[in-house]
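The values are calculated or read from the model by the stated rules, or taken from the named source; none is laboratory data. The structure presented is a predicted model; accordingly, all values stated were derived computationally and were not measured. Positions of Cβ are backbone-derived with ideal geometry, glycine not excepted, and every protein chain shown enters the neighbour counts.
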Amino acid sequence: MKNGLHFNETLYPGVQVSYECRDILYQERTEHQELVLFENPVFGKVLMLDNITQVTTGDEFIYHEMMAHVPILAHGNAEEVLIIGGGDCGMAEEALKHQGVKRLTQVEIDASVVEFSREHFSEFNAPVFEDGRFDLAIADGARFVRETDRRFDVVMIDSTDPEGPGAVLFTEEFYRGVHRCLKPGGVLVTQNGVPFLQRAELVSSIRHLSKIYKDATAYIAAIPTYFGGHMALGFASDDPNLRKVPLETLKQRFEKAGFETRYYTPEVHQAAFALPKFILDAVEEGLTTD
């Protein structure tokens, strides 16, 4: 909510994160959520949906690089990629840097978010809309994975937090829908919040994933926008080797991909699966709790 020249995020009980607002660039109540974009002196453009920070131009590269390049380079031969959510199209921009990707399908429930992002975040998403491999579907992501006849090598769930329309994307039923549309050896990655403040979310997701996939875990990234320490990214596959790709193989794949990054490196990729004890404890609880 706006408080003078600040926007306050109150996602976490007992904690309030306040952003200085130098200028409100856009504000709208869409069919699905309250959207506001404003300028902050540290993070640049800040997008909030229902008072929860979604993306900033200052550090979007960290989240998008780690969500896209880790599963694609772990897989090694991803041709068909699916993104659920990701209305700002930053995830698509990173995934399409991989020339081996023949088609990237993005399913976003709110057309106005994509339209808005195309106009206001062109500094990082403009290439997406000029790429013939980009296939945008305005649809319900849960219904899409439940009904589609298509199959994918990599599925990335770039969701909001499990509140409002995003809650369904954290359910066992949804993860089963993703599993049915993954090719053999495919991989799923998910946005799973900040474990220091959202531990239950990570435990619940790992519990659901472990019932469906042969291997379920998480990896981490440090993203300044998402207050509270490491962000957890869920990782699930029926091939346990995908999270254990040798460093030299990752280096070869990354070099062959032929693009530069600002956060991702093969070394960071491998190290991201080494979890701090309190996050590992949450993952293990999810693996052992019915």
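Would you check which residues across the stretch 118-144 are in contact with a Cys (Cβ under 7 Å, 6 or more places away or on another chain) and within 29 Å of residue 180 (Cβ to Cβ) and list them?
Selection gives 128 alone.
Has the stretch 84-101 got at least one residue that is more than 24 Å from residue 195 (Cβ to Cβ), among the hydrophobic types (A, V, I, L, M, F, W, C), assigned to a strand (DSSP E or B) and assigned by TED's automatic domain parsing to the domain that holds residue 256?
No, the stretch 84-101 contains no residue that is more than 24 Å from residue 195 (Cβ to Cβ), among the hydrophobic types (A, V, I, L, M, F, W, C), assigned to a strand (DSSP E or B) and assigned by TED's automatic domain parsing to the domain that holds residue 256.
Tell me whether the stretch 55-64 contains one or more residues that are within 23 Å of residue 222 (Cα to Cα) and in a strand (DSSP E or B).
Yes: one or more hits.
For the stretch 5-14: of the residues being without any contact (Cβ under 8 Å) to a residue 24 or more places away in the chain and part of a loop (DSSP other than H, G, I, E, B), which is nearest to residue 40 (Cα to Cα)?
The residue in question is 5.
Select from the stretch 9-29 the residues that are exposed (fewer than 14 other Cβ atoms within 10 Å of the Cβ) and of a type outside the set (A, V, I, L, M) and list them in ascending order.
Scanning the stretch 9-29 gives 10, 13, 14, 16, 18, 22, 23, 26, 27, 28, 29.
With the requirement that a residue be among the hydrophobic types (A, V, I, L, M, F, W, C), assigned to a strand (DSSP E or B) and touching a residue at least 24 places away in the same chain (Cβ under 8 Å), what does the stretch 15-51 give you?
If the condition is that a residue be among the hydrophobic types (A, V, I, L, M, F, W, C), assigned to a strand (DSSP E or B) and touching a residue at least 24 places away in the same chain (Cβ under 8 Å), then 17, 25, 35, 36, 37, 38, 46, 47, 48, 49 are the ones that fit.
Taking the stretch 117-138, which residues are surrounded by 15 or more Cβ atoms within 10 Å (Cβ to Cβ) and under 15 Å from residue 26 (Cβ atoms)?
Within the stretch 117-138, 117, 118, 120, 121 qualify.
Please determine, by comparing only the residues of the stretch 60-90 that are over 10 Å from the mean Cα position of the chain (by Cα) and closer than 10 Å to residue 264 by Cα, which one is surrounded by the fewest Cβ atoms within 10 Å (Cβ to Cβ).
Among residues in the stretch 60-90 that are over 10 Å from the mean Cα position of the chain (by Cα) and closer than 10 Å to residue 264 by Cα, the one surrounded by the fewest Cβ atoms within 10 Å (Cβ to Cβ) is 61.
Tell me, which helices (runs of 4 or more DSSP H) wholly within the stretch 150-258 include 2 or more residues that are crowded, with 19+ Cβ neighbours inside 10 Å and aromatic (Phe, Trp, Tyr)?
In the stretch 150-258, 172-180 are the helices (runs of 4 or more DSSP H) which contain 2 or more residues that are crowded, with 19+ Cβ neighbours inside 10 Å and aromatic (Phe, Trp, Tyr).
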